[in-house]
Structures are given as structure tokens and as C-alpha cells.
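**Q** Take a look at this one; I'll ask things after.
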Amino acid sequence: MTIAINDLIMNALPLPVLTIGPAQQVTHANTAAESFFEMSLRMMQRQKLSDFFPFGSPVMALVEDVRQRGSSVSEHRVDIGSPRLGAERIVDVFATPLGDDSDSVVIMLQERTIADKMDRQLTHRGAARSITALGAMLAHEIKNPLSGIRGAAQLLEQSAAEDDRLLTRLICDETDRIVKLVERMELFGEERPVERGPINVHGVLDHVKRLAQSGFARHIRFVENYDPSLPPVLGNRDQLVQVVLNLVKNAAEAIGIDASDGEIVLSTAFRTGVRLQVPGSQERLSLPIELGISDNGSGIPPDLASDLFEPFVTTKVQGSGLGLALVAKIVGDHGGIVECDPAPRRTTFRILLPMHRADDGRAADM
């Protein structure tokens, strides 16, 4: 009875799942795997893992890695393309031991996950770099004339009638607004080396939480879901505070000032074995530290979800659309990635970062 229920659960999963035995043979597969490989379970059980993936595929090494570690490992952006599967099939591979005393390994394949998000991250960084020159140009060509315009308006205000003073005040307010916008764009052109070291991300989250609760999010309930054993990340504290503050502020604005049940969840986790291939090289970057900011606000329109981190893309009437672009740039400069999982009444931003290591290569303690 238990076996039948397990089969029902496995076959209900929409992702291909394979169980690999000690001799690299396929011992079990769910319905999604049969569809993915276009082969029945009985036929699959007659073959070994190497028959399903191209020669030298990281999948075989991943299975052995799981057996040696005795723990779960995942590989992202793995090309399993073959004549059977197609010229290019990019998947994420998740592998885990079947049991404590078993040499069998369960692997799950998933297309269009973090691999696609990584590509978008590179696009976001490129977009940020593309407006670096624009920010520098605006600083020189616009800020200086604006200061003259504002000064002239202030002089006129001294001798203007009461009705005209409303217009001079409007000029001053609008020039101030443009200057603030330009100053935010100048941040994209900041290329000076930033001092980095071991940072306790819980300290960053707690600091932002205190700022939010004393101001723009005083009406919102905060929930903390932290991994207390999390090692420090390699980063700059001020920049990480800016990143988290931007995301928490966005979450508060999505909830709204009139909400009575607003909730923001701050979470951290250690993702063992999460690795991403660095584009243009064979290096695989480990990003085990995960920060999450989740809210139960109004959500993100589906048509904006894929371009959310692009400059000037915003859901706010008065927004500049630079906040999330700056978040993507700072996280990218830290060697990490940021992603968004939009859902009705539950939008989650996740930041994946490398952990700090001592000079001898060992992970630093908290």
C-alpha cells in the first residue's frame, strides 16, 4: 500500500525524477521522466545513466559526488543536449541520496529555473553598465544648469507676488527632484574598489528591520525565519543594507499604508551544493547564502516580471525605476544573483551570495 502511494506521489510530480542504483542503472522513474526521455519505464530500466546523457556530462560526476558526500548537491545550467533530447537542453539537476544506508541516488531535472534567471542577471548588469555613461553625462550636463535655474527661481521668489511664489516654489521642487534622480543614476557609475569582508547577514536584516519599523513600515508585521548557523558572507555592509532596505521598502509599498494584515517575512538559509557556472569559463561559483524578503502585498503584474530589474521599469506611479536595477548591480558586484518569484499575494525576492572564506580557503566562522 505504501509503495502504491509513493508511486502516485512520484507520478504526480511535474518534473522528471530518476532513481539511480549502485551500478548506475535506472531503477525507477516517474511519468514525467518517461515523457521527458520519450521512453517507457520498462525500457529505461534496461539502460544505465550514461545512456541518457552525452559523454562527459556533469550528471554522472554529480551522482558520484552525492554518494561520496552523503548529502544533496545541485548543478545549474547543465547542457544535456543529445540527438535523442535535442541539440540544446539546459536544465538544473538536483541529486540526493535515497537513504542513509543506500547507494541509490535520486535525481530531478528542471528546465527554465535559475539558469534562465542567471541569464537575466547578466542582462541586468549589462543594462546597469549601459547607463553608467548616461549617469556621468547627466551629472555634468544637467546638475550644473539645474543649480542655476534653482538659484534664479529663489531670487525671483523674493520679489514675486503670492500667486507667483507658488510657481517659483514649483520650479525649486522639480529641480530638486531631478537632481535626486540624477544622483541615483550616478551610483551606477561608481567603479571605485569597495572594501569587503565577513558580514553577518542577520545583522544587516535586523538593522533594516529597525529602520523600517521606525518609519515607513511601522504598521507592518515582520516575521523572521533565520538559519542561526549561517556563516558570514563576503561583502560590504553598507551596500548590503542598501540592497535589503530597497527590497523591504518595495515590499512595504506593495502592501500599502492602509493594510491591516500586512506581513513581511525575512528569511535566511544555507543551500548546500548550489553552484552556478560562470559564463565564459569552466569555473563554478558557489552561492550558498540565501536571503529572502517576502510580502503579502498586491503583487507584480505578469507583463513586468521578466524585466523587473531593468532600469526605468517600475510599478509605482511616482517611481523612477532605478531601485531594483541598483539592487541587481550591487548584488552582481558581490558575485551573487537576485531573483524574484512573483505570486498572487506572496512576492518573494531571493538573494544568493558567496560566503566569506579565510585566507587559507576555509569557511569563516560567525
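Bear in mind these aren't lab numbers, they're just calculated from the coordinates by the rules spelled out. None of the values given here were measured: they were computed from a predicted structure. Ideal geometry is used to build each Cβ from the backbone, glycine not excepted, and the neighbour counts take in all protein chains shown.
**Q** Have a look at Met44, Ala95, Asn30 and report the one farthest towards the positive end of the charge dipole of the range 2-112, computed about the Cα centre with Cβ charges (Lys/Arg +1, Asp/Glu -1).
**A** Projecting each Cα onto the dipole axis, the largest value belongs to Met44.
**Q** Working from the pairwise distances between different alpha carbons, so that the mean of 1/r is found and then inverted, what is the range 2-112's Kirkwood radius in Å?
**A** Values: mean 1/r = 0.0710 Å⁻¹.
One over the average 1/r among Cα pairs gives 14.1 Å for the range 2-112.
**Q** Express in whole angstrom the spacing between the alpha-carbon centres of the range 203-252 and the range 44-59.
**A** Each part's Cα centre sits 45 Å from the other's.
**Q** How do Asp164, Asp79, Asp295 line up, fewest other C-beta atoms within 10 Å first?
**A** Asp164, Asp79, Asp295
**Q** Additional query: Tell me, Val201, Val93 in order of fewest to most beta-carbon neighbours within 10 Å?
**A** Val93, Val201
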